[in-house]
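A.B. asks: Below are the structure tokens for one structure; questions will follow.
The values are calculated or read from the model by the stated rules, or taken from the named source; none is laboratory data. Bear in mind that the values here come from a model prediction, so they are computed numbers and not experimental data. In this analysis, Cβ positions are derived from the backbone assuming ideal geometry, glycine residues included, and neighbour counts consider all displayed protein chains.
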Amino acid sequence: MDNKKRSIFIWDIQWCYDELKLLLVKLELSSIDKVYFVWDLINKWPKSWKVLKLIYKNRKQFYSVLWNHEVNFLRWLDSGLYDWDISWFKKLKEKLEENPEVLDYLRTLPLYIEKKHFILLHWGLIPGKDIDDHSIDEITRIRELDGKAWYDYYKWEKKVIYGHWAVEWLRLRENTIWLDTWCVYGKALTAYILETWEIIQQQALDVYVNVYK
């Protein structure tokens with residue numbers, strides 16, 4: 001294997017822990033590779049805990065920002081208020097109470113990661129607004145501005161790697177990258193290698209959410 005460092009991005013894990021493990025094997029990670037997770041680490045039970053534990057265990061090599069599911073969970077944890085079914089929230093809370101170091105890690109995830117050649121964030125940026133001036137809801141939920149996708153306004157040279165819009169499927173633009181391939185819906189889990197433009201996939205082992213009914 002080439003010993004050059006790779007920046008690897010993996011999209012929308014949700015609770016596809018088994019597929020994630022298989023994809024990591026396919027990637028044949030070296031100790032100098034960096035793995036970045038694009039889009040939700042947690043959703044449903046019980047695999048969310050396994051995903052979170054795996055990333056925490058490898059946190060010197062694995063990186064993530066806060067996604068909307070993690071934001072929702074932490075807000076519920078602090079307020080007890082949430083509109084949807086929270087049964088899996090309660091189970092994850094029990095595990096995190098037993099492992100407070102993982103909860104501390106989750107709370108300290110940044111809103112974005114900026115490197116020389118890319119910015120990783122959950123969703124989008126408002127044109128003309130400094131990235132540090134975005135609120136947590138803007139950076140994790142914004143999709144459209146005046147009826148157009150946010151990335152239609154994005155003019156910076158630095159690539160933005162983002163998530164949060166499952167209907168997008170594959171969208172590689174000059175300065176924005178989105179590669180969710182619906183693993184949770186029975187399709188595939190996708191990794192993208194920034195330096196070589198390679199795409200590596202792992203087929204879903206099951207249809208976890210059936211959107212074809």
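A.B. asks: Buried (at least 18 other Cβ atoms within 10 Å of the Cβ) and touching a helix residue (DSSP H, G or I) at 6+ places or on another chain (Cβ under 8 Å), is that true of Leu194? I'd like the intermediate steps shown before the answer.
C.D. replies: On the way: buried (at least 18 other Cβ atoms within 10 Å of the Cβ): yes; touching a helix residue (DSSP H, G or I) at 6+ places or on another chain (Cβ under 8 Å): no.
No; evaluated as a whole, the condition is false for this residue.
So that you can scan it fast, the table gives a plain yes or no per residue for (1) in contact with a Ser or Thr (Cβ under 9 Å, 6 or more places away or on another chain); (2) under 24 Å from Leu27 (Cα atoms):
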site: Asn99; (1), (2): no, no
site: Trp123; (1), (2): yes, no
site: Ser135; (1), (2): no, no
site: Asp146; (1), (2): no, no
site: Trp182; (1), (2): no, yes
site: Gly186; (1), (2): no, yes
site: Trp197; (1), (2): no, yes
site: Val209; (1), (2): no, no
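A.B. asks: Please specify each residue of region 97-121 satisfying the condition of being crowded, with 17+ Cβ neighbours inside 10 Å and either over 16 Å from Val51 (Cβ atoms) or without any contact (Cβ under 8 Å) to a residue 40 or more places away in the chain (or both). I'd like the intermediate steps shown before the answer.
C.D. replies: We begin by selecting, within region 97-121, every residue crowded, with 17+ Cβ neighbours inside 10 Å; these are 102-103, 106, 109, 111-112, 118-121.
Once the filter is applied, which keeps residues that are crowded, with 17+ Cβ neighbours inside 10 Å and either over 16 Å from Val51 (Cβ atoms) or without any contact (Cβ under 8 Å) to a residue 40 or more places away in the chain (or both), region 97-121 yields Leu103, Leu111, Tyr112, Phe118, Ile119, Leu120, Leu121.
A.B. asks: Just to be sure before I move on: is Leu145 modelled with pLDDT under 90, aliphatic (A, V, I, L, M) and under 24 Å from Ile199 (Cα atoms) in the structure I sent?
C.D. replies: It is false that Leu145 is modelled with pLDDT under 90, aliphatic (A, V, I, L, M) and under 24 Å from Ile199 (Cα atoms).
A.B. asks: Does region 37-53 hold any residues that are surrounded by fewer than 21 Cβ atoms within 10 Å (Cβ to Cβ) and either under 14 Å from the mean Cα position of the chain (by Cα) or in a loop (DSSP other than H, G, I, E, B) (or both), and which are they?
C.D. replies: Within region 37-53, Lys44, Trp45, Pro46 meet the criteria.
A.B. asks: Which of (1) more than 22 Å from Ser7 (Cα to Cα); (2) touching a Leu at 6+ places or on another chain (Cβ under 7 Å); (3) surrounded by 15 or more Cβ atoms within 10 Å (Cβ to Cβ); (4) at pLDDT below 90 does Tyr162 not meet, given it meets every other one?
C.D. replies: All conditions pass for Tyr162, except number (1).
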